[in-house]
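Read-outs throughout are calculated quantities, based only on the coordinates presented, and are distinct from any laboratory measurement. What you are looking at is a predicted structure, and each value in this text was computed from that prediction instead of being measured. Cβ placement follows ideal geometry from the backbone for every residue including glycine, while neighbour counts extend to all protein chains displayed.
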Amino acid sequence: MNCIYTENESAREKAFESIWTNDLDAVFSDVASYYDRANAFATLGLLDRLRHRFVSTIDIKPNDKVLDVCAGTNAVGIALLKRQPTLDVQAVDRSVAMQEVGKSLAQAQGFQINSRICDVHELPFPDNHFDVVTLQWATRHLRVIKVFSEIHRVLKPGGHFYHCDMLRPANKLVEEMYYLYLRASLSIISKAFRSGSASLQCRSYFIQAIRMFYSTEELSNVLSELGYSDIVGTSVLGGTVAFHKARKA
């Protein structure tokens, strides 16, 4: 599928393919045990509020089939099941360690989330299968056009895709201040949580991945180019984070 952002995606893949392929599994294995606590620290305690705001945008009905892509520690799946326990929630992630934590957290609260470890660029589900698909805090580590196209494929007609991630602020001053904050935050987190070598070696990558990522408006345009409709993009925290909602026609 053609997209006006294909050139940018090629540049991202060229810059990061080695890290995506060889390093990220080790990074997420390292951080799995403290991932949620570290993110809470990095957001100055705003993580729960951001998650609640994101989850509140997700429209669900009893017995809906929900796919949580890059589910991590299953925080979104658990939050949705708290709202509607009859949901059929499927989780996919590349990290065994993150999903082991997520499985334990779900079971501790009495929820069943079916998990698959896979490459999320090739989702192991049939066409037109899910009512709702979510993806949060991971897209800057992915081939965006490929993943969004796969999500579009597995959504039922009329189904909705909900997305949340750190984005590149459209305002240049905010952007540069954001990178200064991230450098300081990553340095403190690595010391406070005694991060392993894999995480330490990727600190500069985490900032560069946002530099080469998309603004709220640009990500809305990507969704439109890929055939989604009724797209709503909402910037928060000066455009450093955004929520997107889109429908498969």
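Note on segment 111-249: the alpha carbon radius of gyration divided by the globular reference 2.2 N^0.38 Å gives 1.16. Near the amide H of residue 68, within less than 5 Å, lie the amide hydrogens of 90, 91, 92, 134, all on another chain or at least 5 residues away, with H placed in the peptide plane. Annotation: aspartates and glutamates with alpha-carbon distance below 17 angstrom to residue 191 (same-chain offsets under eight excluded): 30, 36. Using the Karplus relation 6.51 cos²θ - 1.76 cosθ + 1.60 with θ = phi - 60°, the per-residue 3J(HN,Hα) values for segment 63-70 come to 6, 4, 8, 10, 10, 9, 8, 6 Hz, with x marking Gly and Pro. The value of relative contact order for the chain, using C-alpha pairs under 8 Å at least six residues apart, is 21 percent.
Subtracting the Cα-Cα distance of residue 83 and residue 217 from 0.36 nm times their residue separation leaves 45.3 nm of extension gain.
Here segment 169-230 is described by how far its Cα atoms reach on the three principal axes: 44, 26, 17 Å, from widest to narrowest.
Calculated translational diffusion coefficient of segment 72-126 (25 °C, 0.890 mPa s; Stokes-Einstein with Kirkwood radius over alpha-carbon pairs) equals 216 µm²/s.
Its relative contact order, with pairs defined as Cα atoms under 8 Å and 6+ residues apart, puts segment 26-101 at 37 percent.
A simple rule links phi to the HN-Hα coupling: the Karplus curve 6.51 cos²θ - 1.76 cosθ + 1.60 with θ = phi - 60°, which for segment 191-199 gives 7, 5, 9, 6, 4, x, 5, 4, 5 Hz, with x for Gly and Pro. Taking amide H positions as modeled 1.01 Å from N, with prolines and chain starts lacking one, the residues under 5 Å from residue 159 and 5 or more places away or on another chain are 248.
Of the peptides 204-217, 87-100, 106-119, the order by per-residue mean of other Cβ atoms within 10 Å, starting with the highest, comes out as 87-100, 204-217, 106-119. Here residue 171 and residue 21 are evaluated by their C-beta separation; at R0 = 30 Å the FRET efficiency comes out at 0.35. For segment 19-153, the equivalent ellipsoid built from the Cα gyration tensor has semi-axes of 21, 20, 14 Å, listed from largest to smallest. Our note on the geometry: Cα centres of segment 76-114 and segment 1-58, 18 Å apart. Can you list the lysines whose alpha carbon sits under 24 Å from that of residue 146, skipping same-chain ones fewer than 8 residues off? By straight Cα distance, residue 146 reaches 14, 65, 156, 245, 248. Separation of segment 221-249 from segment 190-210 is 28 Å, based on Cα centroids. The stretch between residue 63 and residue 121 holds 18.3 nm of extra length on full extension. This uses 0.36 nm per residue minus the Cα-Cα distance. The listed peptides 219-228, 3-12, ordered by packing as a protection proxy, come out as 219-228, 3-12 (highest mean of other Cβ atoms within 10 Å first). Relative contact order of segment 144-249, taken over Cα pairs closer than 8 Å and 6 or more residues apart, is 43 percent. The three principal axes of the C-alpha atoms in segment 6-248 carry coordinate ranges of 44, 40, 32 Å, sorted with the longest axis first.
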